1. Just check the chain against the gyration tensor rule for me: Cα atoms, a ≥ b ≥ c as the square roots of the eigenvalues, rounded for a/c under 1.5, and otherwise prolate or oblate depending on whether a/b exceeds b/c.
2. What net charge is computed for the residues neighbouring Leu297, neighbours being all others with C-beta under 13 Å from the C-beta of Leu297, Lys and Arg scored +1, Asp and Glu -1?
3. Taking the Cβ of Asp118 as the center, what net charge do the other residues with Cβ under 15 Å away carry, scoring Lys and Arg +1 and Asp and Glu -1?
4. Aspartates and glutamates within cross-link reach of Lys69: Cα-Cα under 12 Å, excluding same-chain residues under 8 positions apart?
5. Average the reciprocal distances over every distinct pair of alpha-carbons in the stretch 234-293, invert the result, and give the Kirkwood radius in Å.
6. In a Gaussian network model over the chain where Cα atoms closer than 10 Å are linked, find which of Phe207, Phe243, Phe33 has the largest mean-square fluctuation.
7. Between Asp241 and Asn214, what's the calculated FRET efficiency when r is the beta-carbon distance and R0 is 41 Å? Round to 0.05.
8. Explain nothing, just compute: Karplus ³J(HN,Hα) = 6.51 cos²θ - 1.76 cosθ + 1.60, θ = phi - 60°, for every residue of the stretch 97-102 in order, whole Hz, x for Gly and Pro.
Amino acid sequence: VFVYDKIVPNPSCEMVDEIIEIVYEYSKGSPKFEGVIGIGGGSTLDTAKAISSLLVSEGKLSDYVDGKKRFDKRLPLMLVPTTSGTGSEVTNVGVYTLNGIKRPMTSPTFWADVALIDPILTYSMPRRIAATTGLDALTHAVESYWASSTQPYTEGLALRAAKMILESFEASIDGEEWARDEMAVAATIAGVAFSQTRTTAAHAISFPITSFYNVEHGLACALTLPSLIRWTYKFVSKKMDDFASYLGLKDVGELARKVEQLMEYSGFSRRLCDYGVKENELEEIARVSMEANIINLTPGKPSYDDVLRILKEIF
């Protein structure tokens, strides 16, 4: 048994490759493990996914993130989340930092054999982590619902997840165990939903915000979510009216305000300038955001100018 407990947020390709080297040294050049178990938040689970494939594959992780190679096998994989937000335990997605930028990749080998959801493991989450991961889960639900790749099956999952999150978010970050139970289930449901649809603009824009300014992933997603809810409405008005109605909200404007209220309750600023962003850096954030293919799954397919306008709105 080999245990590695030094995973850091937003794992880099280099860090994952270093773990592989350490494992080979531990195993005297011939690792013969029966499987990989990842226990932790999304960064840990994504690292476990990569490790389970790299141990039986050639090359470095960057080769696969860049698309030069594809994984076609892995060791047996179990994923056990201790946060409620990323949904990584039920997706075929991994996110890794390459050349300073977060890059999502998908692989059929990233589906876990077993995903073990035990809400008790989330009871010790600090308030800030509960808040940032909860905002990530909410973003997954919203984006899965409106994505151009959505379908009735994922719409139902997204609706249920969003309702559970709105009903339990505040109590969850305050440490109420019943709410932590609800959030654990809701985050997994949202994960199943976006595993089928992918995410959209909020995630695309979050990548440079996290990469450049070290803003937590869920918070980086939530910063643009209210503006995107308002922006996408003209393209999917009936759909979003139904979404708001199911959540017990009078309209989409109230949905956007609800996200803003949850951020404020969590103690987070909604302004980019409060996270070290300079106004003359907004164009670079927009440029890098457009490099993520998932942005094209957003209703209306926002352009560079649209993204820049949204960034200026929340600056």
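1. Working: a/c = 1.75, a/b = 1.43, b/c = 1.22.
Because a/c hits 1.5 or more and a/b exceeds b/c, the chain counts as prolate.
2. Summing Lys and Arg as +1 and Asp and Glu as -1 gives +1.
3. Values: positive: Arg180; negative: Glu89, Glu177, Asp181, Glu182.
Around Asp118, the charge tally is -3.
4. Glu58
5. Result for the stretch 234-293, one decimal place: 14.1 Å.
6. Phe33
7. E between Asp241 and Asn214, to the nearest 0.05, is 0.65.
8. Along the stretch 97-102, the couplings run 8, 10, 6, x, 10, 5 Hz.
Bear in mind that the values in this text are calculations on the coordinates, not laboratory data. If you're wondering where the values come from, they're calculated on a predicted model, not measured in any experiment. When we count neighbours, we look across all protein chains shown, and the Cβ atoms used for this are built from the backbone with ideal geometry, even at glycine.
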